[in-house]
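The structure appears below as structure tokens.
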Amino acid sequence: MPHFEPVLLARVAKESSQSLDGYRADGGYAALDKALGMAPADVTTKVKDSVLRGRGGAGFPAGLKWTFLPKDHPGPIYLCINADESEPGTFNNRILMEEDPHQLIEGIAIACYAIRSSKAYLYLRYEYGRSYRVLDAAIKECYAAGLLGTNIKGSGFDLDIVLHRGAAAYICGEETGLIESLEGKRAWPRIKPPFPAIEGLFRKPTIVNNVETLCCVVHILNRGVEWFKSIGVPPDASNPRDLGSFGPKLYCISGHVNEPGCVELPLGVSTRELIDEHAGGVWKDRQAKAIVPGGISMGFLSADELDTPLDFNGPLKAGCLGLGTAAVVVVDDQTSMVDVLYNCCRFMSHESCGQCTPCREGTAWSTKILERIRSGHGKVEDLDTLLEVAESMGIIPGTTICGLSDGAAWPVKNAIRKFRPEFEEYIRAGRRTMTPAQELMAGAH
Amino acid sequence: MALSEQIRERIRAEFPKYPDRRAVTLPALHIVHDELRSVPFAAIEEIAELLEIHPAEIHDTMSFYQFFREEDRPLGRQRVWVCRSISCMLRGGEELLETLSHKWRVAPGGTTADGRVSLEYAECLGACEGAPCILVNDECHTNMTAESTVAIVNDTSS
Ligand SMILES: Cc1cc2nc3c(=O)[nH]c(=O)nc-3n(C[C@H](O)[C@H](O)[C@H](O)COP(=O)(O)O)c2cc1C
Ligand code: SF4
Ligand code: FES
């Protein structure tokens, strides 16, 4: 793939990347000016025409979501910025917030203008202390410069941004879990419908968007719909429902590679190219055994699926749940898939909110079964039990309220289906890889 | 009174940001937890009074997030979280946790006898490019070893 000049990450590592003056010197807040000169509905149309799909994991088209708000709603409308980023492997929102806070604030302002909201709540995971301090300073600069507050730039548009810190719970990233958490309750995802656009935060119409999605909006305003659609992958002609995968995307690469990091590339880069050209290849001259394509919830690609394109369709075609957060985690050929799967199951069991029985019990029992296998007491039939449990939990089989459960099932399904001989061998050999620290933590999820 | 006037003032300062006071639950819990190193029952009652909701509602929310400590298990002066999720696990995160646990003679979740450090395991801290990583209070540190962790903790608690 020819060299791609970063857009979202263009200002990263510049000395002045965090300050308002630095942002303005690079042409910042011109997109907001442009938006303020348009009718709000026209801004929405522009975003809709670009077919910008949400970067938070579900890939829902942002502009289309904005049109679901009730027309001429008299009361408040809210924007929630989802900065709970907690999907294992994912850290691109953190970089956007720490390195270029004004790009995000500009995106928030444009989105709020488009959806006629004068209040935005940025839900930030607690662990992002640095992001909090950088954003807090940037927001204060904006108030002082008249870019936030009342009658922004004489346009009659008012906007306040409130930073709201979470308390270390993955489920607060699910949009209705986020809303409940913001309201001061336990982060139990709501049954939908009603969707947040109709009844969301404080029971008012609400749009929830990811940090990266909102950053993309700035550049769509600046450079136009045609520019955005010139990047990435057009819709699959054989699938009338496919919307395509347009625009730049931040890919996170971690695990067993030489140069872990975050790179911006057109949607659709192949997994192999990402690892070899943008992450220095697999470490220690080893081979990749398994690759997480978009956060652990998406499952695993095997080594013979390395040519999978990382657009919204690619991982799906390889049996994964989807592109997710485009967070790629590489597992080398010296690592046991039993240990890797255990790690995924333990995470999901720890993070399940416990409302739905299939999720609460399914995640806990998959973890326990893997604990037993990893203590040397597994049976080959356990693998079928694991699959049976995984098949029964999630929105896809229709047994749970939110998608955490599908994301818990997918690593199990992919690992056992794609790596079954390794699991059987592990069990038959009576291997034990449970560590004392893991045993100590075992009762605690 | 469990809450000083200064803490109360900081909690009240959150009210105008939200149309409903209950939304101040998490901000209030953070303020109190940071100051007192736990959220005692008396503090829950006083927060509830300020927020004009029932103490049980505060406790319900607080207990959901395993983040906040009750008074029988207060935090040490430093809280050190070691990431145990996939990218860190692949690069030695679990071993790091185990080593620190031995070094400080404390199990994950516990606090050293001198009250200096509370050791915790964390799920993905969102810094996987720097695995294994840790969070000291709310500052993340990357590419850690047991030695560099101890150095940072000694540094911050001086
Ligand atoms: C368990 C779970 C966790 C999620 N975590 C996040 C998250 O941390 N950040 C995020 O933006 N979206 C997350 N999502 C997706 C959100 O529900 C929602 O789709 C997204 O914030 C919408 O924004 P977007 O359309 O701009 O992507 C999560 C979903 C689920 C089911
Ligand atoms: S699927 Fe799991 S995480 Fe989601 S609401 Fe149900 S129990 Fe909670
Ligand atoms: S897995 Fe440890 S920071 Fe992401």
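The values are calculated or read from the model by the stated rules, or taken from the named source; none is laboratory data. Computed from a predicted structure; not experimentally measured. Cβ sites come from the backbone with ideal geometry, for glycine too, and all protein chains shown count toward neighbours. Note: areas computed on protein heavy atoms with side chains; ligands, DNA, RNA excluded. Shrake-Rupley method; radii C 1.70, N 1.55, O 1.52, S 1.80 Å.
Key figures
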{"quantity": "Solvent-accessible area lost in complex, 20 Å² minimum, residues of region B:59-73 relative to chain alone, 1.4 Å", "calculated": "B:Asp60, B:Thr61, B:Phe64, B:Tyr65, B:Gln66, B:Phe67"}
{"quantity": "DSSP bridge orientation in chain A - percent antiparallel, rounded to nearest 5", "calculated": "45 percent"}
{"quantity": "Unit charges on C-beta of K, R, D, E only; dipole of chain A, Debye", "calculated": "920 debye"}
{"quantity": "Accessible surface ranking that places the most exposed of A:Met337, B:Met1 first, with a 1.4 angstrom probe", "calculated": "B:Met1, A:Met337"}
{"quantity": "Net charge, A:Pro266 excluded, C-beta distance under 12 Å - Lys, Arg +1, Asp, Glu -1", "calculated": "-2"}
{"quantity": "Dipole of the protein assembly as shown, positive end: most advanced residue of A:Thr271, A:Ile161, A:Phe60 [Cβ charges, Cα centre]", "calculated": "A:Phe60"}
{"quantity": "Pairwise label distance in nanometres, B:Glu95 with A:Asp33, each label 7 Å out on the Cα-Cβ vector", "calculated": "5.5 nm"}
{"quantity": "Cα centroid of region A:31-69 to Cα centroid of region A:188-205, whole Å", "calculated": "20 Å"}
{"quantity": "Interface area, A with B, accessible, probe 1.4 Å, both sides summed, Å² nearest 100", "calculated": "4400 Å²"}
{"quantity": "With DNA, RNA and ligands ignored, accessible area of A:Arg431 (1.4 Å probe; Å², nearest 10)", "calculated": "110 Å²"}
{"quantity": "0 to 90° range, to nearest 10: angle between helix B:146-156 axis and chain B longest Cα axis", "calculated": "40 degrees"}
{"quantity": "Solvent-accessible area, 1.4 Å probe, carbon plus sulfur percent, for the protein assembly as shown", "calculated": "51 percent"}
{"quantity": "Contour excess over end-to-end distance, with Cα ends at A:Arg286 and A:Glu388 and 0.36 nm allotted per residue", "calculated": "33.4 nm"}
{"quantity": "Lys, Arg +1 and Asp, Glu -1 on Cβ, resulting dipole of region A:352-440 about Cα centre, debye, nearest 20", "calculated": "220 debye"}
{"quantity": "Residue order for A:Phe68, A:Phe347, B:Phe64 - accessible surface, 1.4 angstrom probe, largest first", "calculated": "A:Phe68, B:Phe64, A:Phe347"}
{"quantity": "Extension gain (nm, one decimal) between A:Arg130 and A:Glu424, 0.36 nm per residue minus Cα-Cα", "calculated": "101.4 nm"}
{"quantity": "Rounded accessible area per residue of chain A, 1.4 Å, Å²", "calculated": "36 Å²"}
{"quantity": "Taking only Cα atoms of chain A, radius of gyration then Dmax in Å", "calculated": "22.1, 73"}
{"quantity": "Full-extension gain in nm, A:Ala237 to A:His3, via 0.36 nm per residue minus C-alpha separation", "calculated": "81.6 nm"}
{"quantity": "Volume per residue of the C-alpha convex hull in region A:90-178, rounded to whole Å³", "calculated": "93 Å³"}
{"quantity": "Pair-distance profile P(r), taking every C-alpha pair of region A:345-435, with 10 angstrom steps and integer %", "calculated": "19, 50, 26, 6"}
{"quantity": "For region A:1-149, the spread of Cα positions along each principal axis, largest first, Å", "calculated": "43, 37, 36"}
{"quantity": "When the convex hull of its Cα atoms is projected in every direction, mean area for region A:165-267 (nm²)", "calculated": "10.2 nm²"}
{"quantity": "Listed residues A:Lys289, A:Lys153 arranged by accessible area, highest first, probe 1.4 Å", "calculated": "A:Lys153, A:Lys289"}
{"quantity": "Cα lying deepest toward the dipole's positive end in chain B, options B:Ala28, B:His54, B:Thr145, charges on Cβ", "calculated": "B:Thr145"}
{"quantity": "Label-reachable residues, region B:62-82, where backbone N falls under 17 Å from a point 7 Å from B:Arg116's Cα toward its Cβ", "calculated": "B:75-81"}
{"quantity": "Estimated vicinal HN-Hα couplings, Hz - region A:18-25 in sequence order (Karplus 6.51, -1.76, 1.60; Gly, Pro = x)", "calculated": "9, 8, 5, 4, x, 5, 5, 4"}
{"quantity": "Amide H within-cut-off set for A:Ser245, under 5 Å, with H built and near neighbours excluded", "calculated": "A:Val233"}
{"quantity": "Dipole magnitude of region A:130-177, debye to nearest 20 (Cβ charges: Lys/Arg +1, Asp/Glu -1, about Cα centre)", "calculated": "240 debye"}
{"quantity": "Whole-angstrom Cα spans of chain B along principal axes, big to small", "calculated": "47, 32, 25"}
{"quantity": "Under 22 Å from A:Lys368, Cα to Cα: lysines that are on another chain or at least 8 residues apart", "calculated": "A:Lys379, A:Lys413, A:Lys418"}
{"quantity": "Separation of the A:Asp49 and A:Ile191 label points, Cα + 7 Å toward Cβ, nm", "calculated": "4.2 nm"}
{"quantity": "Scaled radius of gyration (Cα, divided by 2.2 N^0.38 Å) that region B:1-77 gives", "calculated": "1.00"}
{"quantity": "Pairwise label distance in nanometres, B:Ser38 with A:Thr399, each label 7 Å out on the Cα-Cβ vector", "calculated": "4.0 nm"}
